[in-house]
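The values are calculated or read from the model by the stated rules, or taken from the named source; none is laboratory data. It should be emphasised that the depicted structure is a prediction, and the values quoted were computed from it without experimental measurement. Cβ atoms come from the backbone with ideal geometry, glycine included; neighbour counts cover every protein chain shown.
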Amino acid sequence: MKCPVCGMDCVRSAKDILAMLPTIFLPCAECSARVLDKRAPLPDLSYSLPCSCRKRFIDDVFAHMYVIMVEQGDLLKTDPLVSVGTPLVHPGFAMDRPPFLPEKSLVLLSPKVTKKTAEILVRDVVELRGVVKSAAFTPGIADTDLDSVPNVYELLAGCDVRADVFPLRTGPLVMYKQQSLIHIEFPRGNDLKIRAVEKHVGKPPVPYFVDACCGVGTLGLAAACMGVPHVVMNDAWYASAFWSAFNLEVNRDYLKLSRVKIYEQFEDMQKHPVAKEPIKIAETEGEQTIEVYQGDFRLLYRVLSAGTALTAIDLFDKNDRERIGMIQKEWQEKVGGEVFIP
């Protein structure tokens, strides 16, 4: 599958990703692991090269990046190893031990890296897919009033598209995202939001499910994998809506679909990054009907089909209970059915 960010073939189907999981981060008999203290500086400016199997322990990958960042002046020799940044492996899934990384299996988020250094890192550290300049905010929509364009991180070098694998009772779900534009939601093995969806969807499943603030579509696609015949996913942020549509195609083999029709391309959606009036981004053909919209969830009732829906409203800020109560009340007045906050 062609990657919408870099144009290369770095995106694979869910079936291909799942086939990789048992061995992708396991060492061979010749691999070695040097465990480093992440809270201390690198003891000496050295690192091991990849094994003959072309994998390398994550701590030595970090040591390699640390050395480059010190040489380029992005870090001091007295900085702790953790100052390199946040590692996000590809594919991401719950692991019980640190990984041995193959080529192109890591996206680095770092507040200290410069563009020049990022280009050197991607060139010389073969495990890196991409380097992202991060900051002290969460990318994506945090303001439900949609009055401003969200802040995003900056992709400095390489490609920051990566996948996470979430376990469902029906089998794993593979979710791609561009990490500079989407908040981190790394699988932990027992995702409480997914468990809430499984509980509310029930067995046999409800006939109609709406994921009103869908992000990259994890909860909506979870409901679809549980057999819900009609699913609607919506998000006002273009990156979330696009990747929800893209993830439909990624997971198509595990759904009752014959075709996914995507109406908006990534570069075109960048021209309207935040939408209020719902725009249909994608829909499916087959035994299941799945629709993806970009728009304000409070206006989504204008395009929803008739019928009682189970709705998940996964708001970014769940601390304002009074406002959440008002949102639930307004939704039930306009749409009806059961609504829950996962």
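Only one entry of Ala212, Ala222 meets the criterion of being over 23 Å from Val89 (Cβ atoms) and surrounded by 18 or more Cβ atoms within 10 Å (Cβ to Cβ), and that entry is Ala212. Scanning segment 42-66 for residues that are within 19 Å of Thr117 (Cα to Cα), of a type in the set (A, V, I, L, M, F, W, C) and crowded, with 20+ Cβ neighbours inside 10 Å yields Leu42, Val61, Phe62, Ala63, Met65. Within the set Gly73, Gly92, Gly7, the sole residue that is modelled with pLDDT of 95 or more and at positive phi turns out to be Gly73. Might you let me know whether segment 134-152 holds any residue that is in contact with a Pro (Cβ under 7 Å, 6 or more places away or on another chain), touching a residue at least 60 places away in the same chain (Cβ under 8 Å) and under 26 Å from Asn251 (Cα atoms)? Yes, because at least one residue in segment 134-152 is in contact with a Pro (Cβ under 7 Å, 6 or more places away or on another chain), touching a residue at least 60 places away in the same chain (Cβ under 8 Å) and under 26 Å from Asn251 (Cα atoms). Checking the stated criteria, Ala157 turns out not to satisfy the condition of being surrounded by fewer than 16 Cβ atoms within 10 Å (Cβ to Cβ), more than 19 Å from Arg12 (Cβ to Cβ) and more than 18 Å from the chain's Cα centre (by Cα).
Of the residues screened, Ala94 is not one that is among the aliphatic types (A, V, I, L, M) and in contact with a helix residue (DSSP H, G or I) (Cβ under 8 Å, 6 or more places away or on another chain).
Tell me whether segment 7-23 contains one or more residues that are free of Cβ contacts under 8 Å to residues at least 60 places away in the same chain, surrounded by fewer than 12 Cβ atoms within 10 Å (Cβ to Cβ) and over 30 Å from Glu249 (Cβ atoms). No, there is no match, as no residue in segment 7-23 is free of Cβ contacts under 8 Å to residues at least 60 places away in the same chain, surrounded by fewer than 12 Cβ atoms within 10 Å (Cβ to Cβ) and over 30 Å from Glu249 (Cβ atoms). Name the residue that is farthest from the chain's Cα centre (by Cα), counting only residues in segment 131-154 that are hydrophobic (A, V, I, L, M, F, W, C) and surrounded by fewer than 21 Cβ atoms within 10 Å (Cβ to Cβ). Within segment 131-154, the match that is farthest from the chain's Cα centre (by Cα) is Leu146. Pick from segment 286-340 the residues that are without any contact (Cβ under 8 Å) to a residue 24 or more places away in the chain and of a type in the set (Gly, Ala, Ser): which of them is nearest to Ile182 (Cα to Cα)? Filtering segment 286-340 for residues that are without any contact (Cβ under 8 Å) to a residue 24 or more places away in the chain and of a type in the set (Gly, Ala, Ser), the one nearest to Ile182 (Cα to Cα) comes out as Gly325. Looking across segment 97-117, the residues that are under 19 Å from Cys28 (Cβ atoms) and either among the aliphatic types (A, V, I, L, M) or part of a loop (DSSP other than H, G, I, E, B) (or both) come down to Arg97, Pro98, Pro99, Leu101, Pro102, Glu103, Lys104, Ser105, Leu106. In segment 73-104, which residue that is more than 20 Å from Ala33 (Cβ to Cβ) and basic (Lys, Arg) is surrounded by the most Cβ atoms within 10 Å (Cβ to Cβ)? So the residue we want is Lys104. A Cβ distance below 8 Å, combined with a sequence gap of six or more or placement on separate chains, defines the contacts here; from segment 158-175, residues that are at positive phi reach residues that are surrounded by 19 or more Cβ atoms within 10 Å (Cβ to Cβ) and of a type in the set (Phe, Trp, Tyr) in the pairs Gly171/Tyr254.
Residues Glu127, Glu103: which one is closer than 20 Å to Val5 by Cβ, touching a residue at least 24 places away in the same chain (Cβ under 8 Å), charged (D, E, K, R) and in contact with a helix residue (DSSP H, G or I) (Cβ under 7 Å, 6 or more places away or on another chain)? None of the others qualify; the one that does is Glu127. If I ask for residues that are within 18 Å of Arg188 (Cα to Cα) and not in a loop (DSSP other than H, G, I, E, B), which ones from segment 61-96 would you list? Matches in segment 61-96: Thr86, Pro87, Leu88, Val89, Gly92. Of all the listed residues (Val84, Val149), the sole one being in contact with a helix residue (DSSP H, G or I) (Cβ under 9 Å, 6 or more places away or on another chain) and either of a type outside the set (Gly, Ala, Ser) or not assigned by TED's automatic domain parsing to the domain that holds Pro22 (or both) is Val84. If you go through segment 118-132 and pick out every residue that is over 27 Å from Asp16 (Cβ atoms) and either in contact with a Ser or Thr (Cβ under 7 Å, 6 or more places away or on another chain) or in a strand (DSSP E or B) (or both), you end up with 0.
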